[in-house]
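Peer 1: Following this message is one structure expressed as structure tokens.
The values are calculated or read from the model by the stated rules, or taken from the named source; none is laboratory data. Computed from a predicted structure; not experimentally measured. Glycine gets a Cβ as well: all are built from the backbone with ideal geometry, and neighbour counts include every protein chain shown. We work out accessible area using only protein heavy atoms, side chains counted, and drop any ligands, DNA or RNA first. Shrake-Rupley method; radii C 1.70, N 1.55, O 1.52, S 1.80 Å.
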Amino acid sequence: MIPEIITPNLIGKYLQIRSRSEKICAPLEIEDYVVQPLVDVSPPKWHLGHTTWFLETFVLLPNFPGYQVFDRQYNFVFNSYYETIGARVIRTDRGNLSRPSVSDVYEYRKYVDKHMKVFLESEFMTEAIKPLLELGLNHEQQHQELLMMDIKYILGHNPLFPAYTKEKKSKKLFSANAEMMCFSEGIYEIGFEGEGFCFDNELSRHKVYLTDFEIANHLVTNQEYLEFMEAGGYTDFKHWHAEGWDWVKENQAKAPLYWHYIEGKWVNYTLHGLQEVDPNEAVCHINFYEASAYASWKGMRLPTEEEWEVASRDFNWGDRWEWTNSAYLPYPHFKKEAGAVGEYNGKFMVNQMVLRGASEVTPPGHSRNTYRNFFQAYLKWQFTGIRLAR
């Protein structure tokens, strides 16, 4: 008998989310599954194994009596950063793992999914475990976005620039003349509230004081960013943080990631292959240093995450993860969970900047205006863009 709280809809949701990860990988060749061209990029095979390991380790092993792990060595291979769980393959070596094979990993997924379905329909699946299951599913959705980011980086750094897919979606075009929306000084509330899932770093809801501010109703376009480039934006230190200027010089930075100047014009690698840069699309794949420098060049700034959340009800968001001028820090009354789950967010609250919104590769149903994404300032393989404020 299915426990009252575990409806067929929840089982369907579980299977739907799990199958989406495999659909993302369906266009890949076997060789694509193992490549790791950058320390921040994990091989697709590793993502498929890690998300499965998460469910096996945190849901099945402690809660399903008699469950036998698929392979005890996988704890070492697919643990990401959980010190509580034990030793693991260092991140830089994920691309060196020719074994387990891709077929082994898919068998691992089938094995865990089979036992998860039995578990979800058993008496052992209680109300108390439901938040852990939700975390596991949202964790997989996070890795689905990472899969798309990593696959694009892998294929985009192949000299043949192979297309991930031939199926083209309609482009979202933006006006080059964004309007500024005004918000008055006052006390506002931010943070998650209501029913449904959220990550612990979105809690708790609290009041913030904001002075008068303005924020753009559109993202910065490729055309606008090209103007910054053509005006010498990458050669003038005045608009850069000192650390950002060091980054420019060390990396000889000249353009967003995936942009190439070929035969007198700018082209960029997309999931559909190499294409001419569309001036009306929102600029993408820039880091915090570049976003801040562009804003300074325009005589403006990036919004704080508090401003962004307050204003987000009045503009469209979700096409790019948007850099904010806020360091990733805990909200008031933030509390880490006990055990390994407590390592999920809290220990990363240093030397990172907050991104808000979502992107074109964010899984359906995984977006909230309270969602606090976070990355280090130099990273740009995320689908990131710019919204201006002043």
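Peer 1: Under a 10 Å cutoff between Cα atoms, tell me which one of Ala338, Ala163, Ala291 has the largest fluctuation in the Gaussian network model of the chain.
Peer 2: Ala338
Peer 1: Given the pairs Lys130/Lys347; Lys23/Lys168; Lys13/Lys110, which are separated by over 18 angstrom at their Cα positions? List each step's numbers first, then the result.
Peer 2: Details: Lys130/Lys347 24 Å; Lys23/Lys168 16 Å; Lys13/Lys110 16 Å.
Exceeds cut-off: Lys130/Lys347.
Peer 1: Right, another one. I need the shape label for region 39-146. Rule: rounded when a/c is under 1.5, else prolate if a/b > b/c, else oblate, with a, b, c from the alpha carbon gyration tensor. Don't skip to the answer; put the middle values down first.
Peer 2: Details: a/c = 1.84, a/b = 1.64, b/c = 1.12.
Note, shape of region 39-146 comes out prolate.
Peer 1: So for each of 195-203, 277-285 I average, over its residues, the number of other beta carbons within 10 Å; can you give me the resulting order with the highest mean first? Each step should come with its number before you reach the end.
Peer 2: Numbers: 195-203: 15.8, 277-285: 20.3.
The peptides rank, most packed first, as 277-285, 195-203.
Peer 1: Further, regarding this structure: Taking the chain as the reference, fit the longest principal axis to its C-alpha atoms, fit the long axis of helix 242-251 to the helix C-alpha atoms, and give the angle between the two in degrees, 0 to 90, nearest 10.
Peer 2: With both axes taken from Cα atoms, the answer is about 80 degrees.
Peer 1: Normalised by the residues of the chain, what does the relative contact order come to in percent, with Cα pairs under 8 Å and at least six apart?
Peer 2: Values: 613 pairs, mean separation 68.4, N = 390.
Worked out over the chain, it gives 18 percent.
Peer 1: Once the Cα atoms of helix 130-156 and of the chain are each reduced to a long axis, what angle between those two axes, in degrees from 0 to 90 to the nearest 10, is obtained?
Peer 2: 50 degrees
Peer 1: Can you work out ³J(HN,Hα) from phi for every residue in region 219-233, in order, using Karplus 6.51 cos²θ - 1.76 cosθ + 1.60 and θ = phi - 60°, giving whole Hz and x for Gly and Pro?
Peer 2: Listing the rounded values in order: 7, 5, 8, 4, 4, 5, 6, 4, 4, 4, 4, 5, 7, x, x Hz.
Peer 1: Only Cα pairs under 8 Å and at least 6 apart count here; give the relative contact order of region 22-75 as a rounded whole percent. Mind showing how you got there, number by number?
Peer 2: Working: 23 pairs, mean separation 11.5, N = 54.
So the answer I get is 21 percent.
Peer 1: Roughly how many Å² is the accessible area per residue of region 140-263, as a whole number, for a 1.4 Å probe? Provide the component values of the computation, followed by the final result.
Peer 2: Values: 7040 Å² over 124 residues.
Averaged over the residues of region 140-263, the accessible area is 57 Å².
Peer 1: Ignoring ligands, DNA and RNA, what percent of the accessible area of region 4-123 is carbon or sulfur (1.4 Å)?
Peer 2: On the way: 3050 of 5800 Å².
Ligands and nucleic acids excluded, carbon and sulfur reach 53 percent.
Peer 1: Further, regarding this structure: Looking at the chain, send over the antiparallel percent of its DSSP beta bridges, to the nearest 5. Walk me through the numbers on the way to the answer.
Peer 2: On the way: 28 of 30 bridges.
Just about 95 percent of them are antiparallel.
Peer 1: On the protein heavy atoms, probe 1.4 angstrom, tell me the percent of accessible surface of region 244-390 carried by carbon and sulfur. Each step should come with its number before you reach the end.
Peer 2: Details: 2810 of 5930 Å².
For region 244-390, the apolar C and S fraction of the accessible surface comes to 47 percent.
Peer 1: Another question, then. Summing -39500 (n - 2.57) over the DSSP H runs of n ≥ 4 in the chain and dividing by its residue number, what mean residue ellipticity at 222 nm do you reach, to the nearest 500 deg cm²/dmol?
Peer 2: On the way: 9 runs with 117 residues, N = 390.
So the calculated ellipticity at 222 nm is -9500 deg cm²/dmol.
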